[in-house]
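See below for the structure under consideration.
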Amino acid sequence: MAISSTERGSWNSKLGFILAAAGSAVGLGNIWGFPTKVATEGGAAYLVIYLLCTFLIGFPVMVAELSIGRKSGKNPVGAFKALSSNKFFPLVGLWGVICGVMILSFYTVIAGWAFGFAFEEIFYYLGWNAAADLLTDTGNGWKNAIIASVFMLGTIKIITGGVSDGIEKATKMMMPLLIGIIVIMIGYVLTQDGAMDGVREYLLPDFSKINARLIFSAMGQAFFSLSLGMGALITYGSYLSKKENIPQAAAFVTLADVGIAFLAGLLIIPAMYVAQAAGIDIFVGDQLASSTNLVFQILPALFHTIGGAVGLILGVVFFLLLSIAALTSTISLLEVPVAFVIDEYEVPRKKAAWGVGLGILVVSIIVAFNTSLIGTFDNIFNNFGLPLGGLLMCIFVGYVWKTDSALSEMELGFAGVKQGLFAKIWPIFIKFICPLVIAYNVYQGILGML
Ligand code: PHE
């Protein structure tokens, strides 16, 4: 993908776009967010609701976002301005930009944990226990702030040059490798004592666990994991060539994202029970312990029990891959406010990236010292903010811009889409099913927060 510093760019190739969009989707949401929520919100029942939210709500919204982006060729605020004269909808874009900024502020802290653990594995192997313990301490403000800053500076650097070919290549290598390592580790974990309890918890749903809170959390997770509701895919869609097939690209990104989340769950939930069988306390009462760093306790423990050079290599490679996956997501999170500043205030790309990036870094540093903010920000800007953004986008496409205009945009790269089944079903989802389900859910979420 080449976004030049002087003009709006476009993706180098179809694969470039799909890789960048999949890179945006696959990240900490899959490997940190999803298993943590499965563990704490109801196991397999959560998985079922999450899959429904992803395919029935997330996928149609993704098609809508990409269509808005490609038609307008603008950032989320500019896109709504370009497609209608309605004064309200640009505010939806602005809300998206705000959610992106706030999500990025805590995302870099967690990405920093992941990056730090790659080195923790090395220090542990070498027996440098003090250094290893420092990196294990997710509550250490200075350590968190320094690594989060490194992460943010890397993201800014990449964004200033336009997203480089290097990132396309990194993403291309990352996904299969990440899947490979996760599968190897699943194989290992499933042979350990206690693993089958975890598999049961993950795959045998107890539907009595489904309640409004679980659905609220699963919907937020689906939006977060697919990078929806804040205009990241409006922005990425704005660099997309008219020749590309939007529904097909969206389907690919959705499947890649869900596939990796599913595998991560199949690894981490059983690994928790293995840890439990080995005497590590992961339950509070009969509930799995809920905490933002749960996954970061379980995974290193796993690599350490594998031990030796194999444990070291698996651990280092896994955490480096997770860091790259997080980096391709932070790039898309930062690209949204940066594109907004470039388009709307005519600031050069370099200045916009440094100004916005450093501003967000200040918030990140506050989060680094107060990690309890992660849960609060996650609830407001992710669980509540992203579905709200998605809801308003559905209303926009369904009733203001109109699904027919969106289908005409899709037709450019998908000849015949208007005559097919997709054109019959998708508008029903965008006009009725998605807005109603999301609205009910957002309403429940607000009641829960009060
Ligand atoms: N989808 C990313 C992840 O799963 C996070 C993200 C959310 C990225 C919203 C961009 C926009 O880690």
Identify, by number, the condition in (1) away from the ligand (no atom under 13 Å from the Cβ); (2) modelled with pLDDT of 90 or more; (3) touching a helix residue (DSSP H, G or I) at 6+ places or on another chain (Cβ under 7 Å) that Leu288 doesn't meet.
(2)
Please work out which residue is nearest to Val295 (Cα to Cα), limiting yourself to the stretch 111-133 and to residues that are aliphatic (A, V, I, L, M) and open to solvent by 80 Å² or more (accessible area, probe 1.4 Å).
Ala130
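Okay, residues lined up against (1) open to solvent by 70 Å² or more (accessible area, probe 1.4 Å); (2) part of a helix (DSSP H, G or I); (3) among the hydrophobic types (A, V, I, L, M, F, W, C):
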| site | (1), (2), (3) |
| --- | --- |
| Asp193 | yes, no, no |
| Ile215 | no, yes, yes |
| Gly220 | no, yes, no |
| Ser227 | no, no, no |
| Val274 | no, yes, yes |
Please state which of the following conditions Lys350 fails to meet, knowing it meets all the rest: (1) in contact with a Phe, Trp or Tyr (Cβ under 8 Å, 6 or more places away or on another chain); (2) surrounded by fewer than 18 Cβ atoms within 10 Å (Cβ to Cβ).
(1)
Only one of Val341, Val356, Val362 that is of a type outside the set (S, T, N, Q), in contact with a Leu (Cβ under 9 Å, 6 or more places away or on another chain) and either surrounded by fewer than 22 Cβ atoms within 10 Å (Cβ to Cβ) or modelled with pLDDT of 95 or more (or both)
Val356
Return the residues of the stretch 67-92 that are open to solvent by 30 Å² or more (accessible area, probe 1.4 Å) and aromatic (Phe, Trp, Tyr); say none if nothing qualifies.
Phe88
Do the conditions hold for Ser323, that is, is it out of contact with any Phe, Trp or Tyr (no Cβ under 7 Å at 6 or more places or on another chain), of a type outside the set (A, V, I, L, M) and within 16 Å of the ligand (Cβ to nearest atom)?
no
Just for helices (runs of 4 or more DSSP H) wholly inside the stretch 1-66: which have at least 3 residues that are more than 12 Å from the ligand (Cβ to nearest atom) and at pLDDT 95 or above?
43-52
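The values are calculated or read from the model by the stated rules, or taken from the named source; none is laboratory data. Just so you know, these numbers come straight off a predicted model, no measurement behind them. All Cβ positions, glycine included, derive from the backbone under ideal geometry; neighbour counts span all protein chains shown. The accessibility values were calculated without ligands, DNA or RNA, using every heavy atom of the protein model including side chains. Shrake-Rupley method; radii C 1.70, N 1.55, O 1.52, S 1.80 Å.
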